Amino acid sequence: MLGAQLIDGKAIAADIRRELKEEISRLSTQGVIPGLTVVLVGDDSASQTYVRSKQRACAEVGIRSEVKTLAKDTPQAELIALIEELNQDPQVHGILVQLPLPKHMDSDAVVRVIDPAKDVDGFHPVNVGSLWTGLSGQGFVPCTPAGIMELLHRTGIEPTGLDAVVIGRSNIVGKPMAALLLQSNATVSICHSRTRGLKDYCLHADILVVAIGQARFIKADWIKPGAVVIDVGMNRVDGVLCGDVDEAARDVAGYITPVPGGVGPMTIAQLLRNTVIAAHRTV
Ligand code: GUN
């Protein structure tokens with residue numbers, strides 16, 4: 001059988017960064033340099049790695065980025081005071097508080113303090129509400145699902161009328177993904193760890209988005225032949241990075257994202273784009 005077409009997120013993200021770089025140089029002629037501040041609390045090594053990648057990507061396209069690092073035992077009130085300061089700073093167009101936060105903090109309460117107009121993660125309830133009411137053009141859409149929609153669009157995949165199945169119901173990926181696919185006229189099912197008959201849902205999916213965080217959980221015989229498979233997983237097994245979908249699914253799917261090099265680079269590209277959008281709205 002012919003293999004699936006691999007969706008090259010790395011190449012598509014590079015195209016987006018090129019486009020953004022041009023847009024940022026146009027913005028700078030209007031006297032605006034987009035600025036992103038990332039707040040990192042504690043010393044989680046995965047978070048440190050993500051934050052470094054974000055900084056590198058900002059520098060590449062010409063976004064002014066800054067990381068505010070707070071100690072693990074910082075009182076929540078201190079973090080909130082910092083966010084309030086950033087809300088007032090006109091040089092800061094985007095604010096991102098890296099998650100997860102230390103256990104003594106309430107991340108929902110912290111996210112609510114971010115000015116929705118600077119919430120480039122799209123996690124503030126005002127932005128979540130805009131997304132679900134179809135007003136996402138006015139708010140911010142979370143970066144991973146927004147990046148996935150861009151992958152579909154640039155691969156020429158039109159969701160209208162298709163059966164889409166999203167596995168995972170997180171606020172970061174699963175729920176906003178479902179909202180975006182619904183807005184693009186797909187018929188959407190959201191599955192999760194308690195779903196009965198998960199394999200049957202998968203077999204029905206024309207577009208299958210998998211974000212469950214378990215290595216190679218979805219097998220080749222769970223995939224409808226020719227389906228579009230989007231693998232959001234990022235698992236390390238014996239030192240090797242792999243997704244939530246077994247590689248053998250490539251023999252069955254029509255299109256599939258590799259891990260690494262699929263969804264991951266798109267998430268960061270979308271963060272850059274959200275920051276540029278935030279800066280544009282201030283002009
Ligand atoms: N931690 C894992 N993914 C994300 C993300 O998209 N945004 C933030 N702020 N933290 C994360």
Check every one of the strands (runs of 3 or more DSSP E) wholly within region 182-264 and list those with 3 or more residues that are touching a helix residue (DSSP H, G or I) at 6+ places or on another chain (Cβ under 7 Å) and open to solvent by 20 Å² or more (accessible area, probe 1.4 Å). 187-191
Tell me which residues, restricted to region 91-119, are of a type in the set (A, V, I, L, M), in contact (Cβ under 8 Å) with a residue 60 or more places away in the chain, within 14 Å of the ligand (Cβ to nearest atom) and not in a strand (DSSP E or B). Leu99, Leu101, Met105
Regarding Leu152, is this residue part of a helix (DSSP H, G or I), away from the ligand (no atom under 16 Å from the Cβ), touching a Pro at 6+ places or on another chain (Cβ under 8 Å) and touching a residue at least 24 places away in the same chain (Cβ under 8 Å)? yes
Answer yes or no as to whether Asp115 is surrounded by 21 or more Cβ atoms within 10 Å (Cβ to Cβ) and closer than 15 Å to Gly35 by Cα. no
Considering residues of region 20-56 that are of a type in the set (A, V, I, L, M) and more than 13 Å from the ligand (Cβ to nearest atom) only, the residue surrounded by the most Cβ atoms within 10 Å (Cβ to Cβ): Leu20
Tell me the residue from Gly161, Gly129, Gly134 that is surrounded by fewer than 18 Cβ atoms within 10 Å (Cβ to Cβ), away from the ligand (no atom under 15 Å from the Cβ), closer than 30 Å to Arg216 by Cα and over 17 Å from the mean Cα position of the chain (by Cα), please. Gly161
Pairing a residue in region 42-53 that is touching a residue at least 60 places away in the same chain (Cβ under 8 Å) with any residue that is more than 11 Å from the ligand (Cβ to nearest atom), where Cβ atoms lie under 6 Å and the two sit 6 or more apart in sequence or on different chains, gives Gly42/Lys72; Gly42/Pro102
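A quick yes/no check of all residues on (1) farther than 15 Å from Ile268 by Cα; (2) among the hydrophobic types (A, V, I, L, M, F, W, C); (3) at pLDDT 95 or above:
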| residue | (1), (2), (3) |
| --- | --- |
| Gly31 | yes, no, yes |
| Arg52 | no, no, yes |
| Ile63 | no, yes, yes |
| Glu66 | yes, no, yes |
| Pro75 | yes, no, yes |
| Val92 | yes, yes, yes |
Consider Thr74 carefully, then state whether it is in a loop (DSSP other than H, G, I, E, B), polar (S, T, N, Q) and more than 23 Å from Gly147 (Cβ to Cβ). yes
Could you say whether any residue in region 71-83 is under 23 Å from Pro176 (Cβ atoms), within 14 Å of the ligand (Cβ to nearest atom) and either in contact with a helix residue (DSSP H, G or I) (Cβ under 7 Å, 6 or more places away or on another chain) or open to solvent by 40 Å² or more (accessible area, probe 1.4 Å) (or both)? yes
Test Ile268 against the criterion of being under 17 Å from the mean Cα position of the chain (by Cα) and closer than 23 Å to Gly122 by Cβ, and give yes or no. yes
Taking region 114-143 only, how many residues are over 22 Å from Ile83 (Cβ atoms) and modelled with pLDDT of 95 or more? 2
Restricting attention to region 144-154, does a residue exist that is surrounded by fewer than 20 Cβ atoms within 10 Å (Cβ to Cβ) and among the hydroxyl-bearing types (Ser, Thr, Tyr)? no
Kindly indicate whether Ile190 is aliphatic (A, V, I, L, M), within 15 Å of the ligand (Cβ to nearest atom) and under 19 Å from the mean Cα position of the chain (by Cα). no
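The values are calculated or read from the model by the stated rules, or taken from the named source; none is laboratory data. These numbers come from a predicted model, not from an experiment. Cβ sites come from the backbone with ideal geometry, for glycine too, and all protein chains shown count toward neighbours. For the accessible areas, the whole protein counts, side chains as well, though only heavy atoms, and no ligand, DNA or RNA atoms are used. Shrake-Rupley method; radii C 1.70, N 1.55, O 1.52, S 1.80 Å.
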